[in-house]
Amino acid sequence: MAVTHQHSCTLCEATCGIVVTTEGDNVVDIRGDEQDPTSQGYICPKATALADLHHDPDRLRRPMLREGSGSGATWREAGWTEAFDLVGERLRGIRAQHGKDALAVYQGNPTAHNPGLMTFGQGFFRSLGTRNLFSATSVDQLPQMLASLLMFGHQALLPVPDIDRTDLFVCIGANPAVSNGSIMTAPNMRGRLKALRARGGRAVLIDPRRTETAGMVDEHLFIRPGTDALLLLSLINVLFSEGLVRVGRLAGNVIGVHALKVAALDYPPERTTGVTGIAPETVVNLARELARTERAVVYGRVGVCTQEFGGIASWLVVAVNVLTDHLDEVGGAMFTTPAIDPIPLAGMGGYGGSFDSYRSRVRGLPEFGGELPVATLAEEIEAPGPGQIRALITSAGNPVLSTPNGTRLDRALDKLDFMVAIDPYLNETTRHADVILPPTGPLERSHYELLLTLVAVRNSAKYSPAVFPRGEDQRHDWEICLELASRVLGPDQKLLRGPGWLSKAALSKLGPEAIFEVGLRAGPYGVRKLIGGLSLGKLKKHPEGVDLGPLEPRLPGRLHTRGKRINLAPSEYLDDLDRLRGRMDSWAPGELVLIGRRQLRSNNSWMHNSERLVKGKPRCTLLVHPADAERNGLIDGELAVLSSRAGSVEVPVEVSDAIMPGVVSLPHGWGHGRPGVRLRVASTHAGVSINDVTDENCVDDLTGTAALSGQRVRVTALEPAAV
Ligand code: SF4
């Protein structure tokens with residue numbers, strides 16, 4: 001008998017509502033849930049692949065133990081007790097012998113979509129007390145979080161474009177038509193962009209590639225990768241020089257305006273145009289338009305963050321919004337009011353963030369949010385001495401494919417004394433593990449969107465029970481983390497963060513639901529509303545989700561800075577401007593630089609084992625502008641060698657004027673051709689990994705974020721093999 005379940009797609013940040021139809025153990029249909037208040041029936045092609053993920057014969061369902069090493073390694077299934085015993089004994093022993101920092105953790109991007117990992121996982125990993133915590137944050141949004149910490153006092157207080165009410169959307173280094181928003185949960189961005197233009201608004205895209213989003217906007221400007229900070233400084237220069245600065249309601253809370261004005265003096269559009277590739281008059285017009293449009297917003301995303309000057313550029317995105325009176329205003333960059341709200345906890349002794357409170361052992365890269373930049377992970381494993389990483393826990397991550405110089409990390413992982421992966425697949429990273437502990441899949445666990453409601457374009461709350469019950473012999477990731485905490489730290493160890501005041505037995509029984517319940521009742525729509533306040537019980541009666549209304553002005557109340565001030569000119573950024581100026585002055589025409597690209601049917605490294613998502617023309621191609629192709633003797637469809645200091649790959653060339661001259665683009669997440677993985681579909685559509693070319697030494701010196709965009713590369717035609 002067919003049964004329907006309202007749920008959420010947790011494959012990306014958009015978190016679209018879905019209706020899953022099942023018959024027995026089978027998923028027979030997945031479609032968009034028209035009742036979901038945020039997605040209103042929209043889904044992208046990836047949602048239906050949740051069924052493939054659920055039924056995937058390659059998905060691990062029992063713990064796996066590796067026997068032997070190298071090419072002679074074999075795997076055998078084991079029971080949970082045997083696997084936990086082994087992991088507990090090895091991690092405990094290494095920690096006792098070599099100290100806390102000998103254990104490292106890498107958490108991948110799917111953590112953000114998994115409330116069990118966001119609560120119990122964080123609790124366990126941080127309780128280990130190691131400095132060697134790493135995550136996908138440092139190959140992604142770290143600079144945006146740093147700007148929030150330095151300017152608003154909380155690393156998670158992230159401004160979100162009020163896309164449904166803005167009249168001017170200036171989008172830099174993002175492809176929301178494909179991503180459906182990032183740090184901007186916005187399902188159906190194509191529909192939202194159409195609506196913006198239909199109401200007379202304008203959308204402008206600034207990107208080195210004419211992306212899918214470019215087809216949805218009024219104007220697309222090519223910009224040279226890594227130069228967004230220069231463009232933004234020029235915009236600020238024009239705002240000041242033409243007397244267009246208007247801070248508005250928050251003027252009494254904003255400091256540093258003069259210092260920012262002085263900082264921008266050196267960057268008139270005429271000076272930066274040669275490097276950015278954007279004409280001075282275009283910059284002037286854009287500054288005027290931003291200043292004169294009542295509802296406008298500048299939004300920068302991954303291309304702005306993952307580059308040599310991601311820190312400065314992310315700061316300046318916020319600064320432009322403040323200077324044009326578009327911060328915390330309707331149609332501008334606004335803040336959410338999530339039903340479970342962690343932000344006020346920072347004012348009650350909770351955690352609001354940290355930066356540079358310590359540095360990495362080998363290269364001295366700064367800590368952020370209690371984590372070190374992942375660009376330094378391989379050398380921290382390789383370099384002997386106190387604090388050397390000897391054991392690694394990976395959770396929902398594949399850093400061999402997703403972090404810079406994956407080839408080096410691939411080799412370094414073999415040098416570990418022990419590795420355990422909490423992961424449902426035997427992939428390019430987990431093949432190095434001694435033990436793989438596979439958690440339940442997305443349809444086998446309940447869901448409440450804890451994190452992404454912090455960055456959604458509309459306030460809402462939704463709880464979804466699991467579509468399929470957890471099998472007797474399966475474990476949720478939060479259960480795995482709880483058990484590991486007990487094994488490694490001792491059964492009486494309290495988890496430092498999250499649900500730290502309850503015993504392991506109580507936590508096992510309550511699960512994440514207890515946290516949702518407490519969070520909802522304590523939140524802004526909970527007990528304070530007395531009658532009809534939000535609770536888990538209420539959400540269970542509304543499986544489609546509850547709409548909590550549009551974003552509302554939240555400042556200055558929500559600020560966590562001293563005196564509730566927003567500093568427009570933090571010294572960390574001002575001190576880094578010399579480095580930017582040096583780069584501008586040393587820029588040389590003729591450099592060929594690399595950028596990544598996101599694709600609609602792909603999500604980082606982890607959706608390539610679904611036949612329906614990878615079929616068709618090979619998509620892992622190197623986009624090359626016709627002029628660069630001609631200069632380098634490259635032919636459309638033929639193989640080229642893409643290389644850097646870090647390494648090289650052979651990849652088919654796609655000649656296209658959708659990429660600007662001097663830039664080549666390779667999508668990220670591919671490269672499934674390594675031996676020993678168990679991904680039958682992905683292996684036959686392997687592609688190559690961009691991170692076999694990206695250099696781990698190229699980072700934003702300020703933040704330690706990997707500078708994945710804008711690295712200098714060489715491209716040559718592949719010489720036919722000598723016979
Ligand atoms: S955009 Fe696609 S992958 Fe993302 S949540 Fe929606 S349906 Fe899922």
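What follows is calculated from the coordinates using simple rules that are stated; it is not laboratory data. Remember, predicted model here, so these are calculated numbers, not experimental data. Heads up, the Cβs are rebuilt from the backbone with ideal geometry, glycines too, and the neighbour counts pull from every protein chain shown.
All other residues whose Cβ lies under 12 angstrom from that of GLU513 are scored, Lys and Arg at +1 and Asp and Glu at -1, for a net of +2. Measuring nothing but how far apart in sequence close Cα pairs (under 8 Å, 6+ apart) lie, relative to its length, the chain scores a relative contact order of 19 percent. Considering only PHE169, ALA147, THR137, the residue lying farthest towards the positive end of the dipole of the range 96-191 is THR137, judged by Cα position with unit charges set on Cβ.
Distance from the Cα centroid of the range 427-472 to that of the range 29-62 is 12 Å (rounded to whole angstrom).
When a/c reaches 1.5 or more, the comparison of a/b and b/c decides; with that in mind, is the chain rounded, prolate or oblate per its Cα gyration tensor? In terms of gyration-tensor shape, rounded. Which pairs, out of LYS504/LYS541; LYS509/LYS540; LYS194/LYS615; LYS100/LYS504; LYS46/LYS504, put more than 25 Å between their alpha-carbon atoms? Violating the 25 Å Cα-Cα cut-off are LYS504/LYS541; LYS194/LYS615; LYS46/LYS504. Taking a Cβ cut-off of under 13 Å around GLY471, the surrounding Lys, Arg, Asp and Glu residues balance to a net charge of +1, with basic ones at +1 and acidic ones at -1. For the range 193-242, the relative contact order works out to 28 percent when only alpha carbon pairs closer than 8 Å and six or more residues apart are counted. Taking every alpha-carbon pair under 8 Å whose residues sit at least 6 apart, the range 588-717 reaches a relative contact order of 36 percent. Think of each Lys and Arg Cβ as +1 and each Asp and Glu Cβ as -1; about the Cα centre, that makes the dipole of the chain roughly 1360 debye. The sum of -39500 (n - 2.57) across all DSSP H runs of n ≥ 4, divided by the residue count of the chain, sets its helix-only mean residue ellipticity at 222 nm to -8000 deg cm²/dmol.
Between rounded, prolate and oblate, where does the range 588-717 land on the alpha carbon gyration tensor, with a ≥ b ≥ c its root eigenvalues, rounded for a/c under 1.5, else prolate if a/b exceeds b/c?
Oblate, since a/c reaches 1.5 and b/c is not below a/b.
Taking the fewest neighbouring Cβ atoms within 10 Å as the starting point, the ordered list for GLU382, GLU638, GLU654 is GLU638, GLU382, GLU654.
Kindly identify the range 347-480 as rounded, prolate or oblate by the Cα gyration tensor criterion: order the square roots of the eigenvalues as a ≥ b ≥ c, call it rounded if a/c is under 1.5, otherwise compare a/b with b/c, prolate if a/b is larger, else oblate. It is oblate, given that a/c is not under 1.5 and a/b is not larger than b/c. If you take all other residues with their beta carbon under 9 Å from the beta carbon of VAL663, and give Lys and Arg +1 and Asp and Glu -1, the sum is +1.
Cross-link partners of LYS564 among lysines, defined as those whose alpha carbon lies under 29 angstrom from its own and excluding same-chain residues fewer than eight positions apart: LYS261, LYS529.
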